[in-house]
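Report on one structure; see the data block that follows.
Readers should treat all values here as calculations from the given coordinates under stated rules, not as data from a laboratory. Just so it is clear, the structure is predicted and the values come from calculations on it, not from any experiment. Reconstructed Cβ throughout: ideal geometry from the backbone, glycine too, with neighbour counts over all protein chains shown.
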Amino acid sequence: MQIRVNGAELEMFKNCDVYVGSPGTGQTFKKWSELDKGAINALEEIQLQAESLIRRTEQILLGGKA
């Protein structure tokens, strides 16, 4: 999954790598295996939210309800 917004970006590949970068804080790279269960759960929730935003955007652009 890749997300870019206003100069910041998130790249997350489950069971592999996580990268986040922003002009204010710089770049952070982590291996999935380095993360504790709480971080993994939070990142999985972010991924679910991103998937929901994509579906909602599809609906908006295809003329369905938002």
Study note, to complete from the structure: Counted residues in the stretch 21-48 being in contact (Cβ under 8 Å) with a residue 12 or more places away in the chain and among the hydrophobic types (A, V, I, L, M, F, W, C) come to 5
Check your understanding: Residue check, residue 19 against (1) in a loop (DSSP other than H, G, I, E, B); (2) within 16 Å of the chain's Cα centre (by Cα), all met but one. Which one?
Key -> (1)
Exercise for review: Look at residue 48 and say whether it is surrounded by 12 or more Cβ atoms within 10 Å (Cβ to Cβ) and not in a strand (DSSP E or B).
Suggested key: no
Check your understanding: For the stretch 5-20, what are the residues that are more than 14 Å from residue 43 (Cα to Cα) and either surrounded by fewer than 10 Cβ atoms within 10 Å (Cβ to Cβ) or in contact (Cβ under 8 Å) with a residue 40 or more places away in the chain (or both)?
Key -> 5, 6, 7
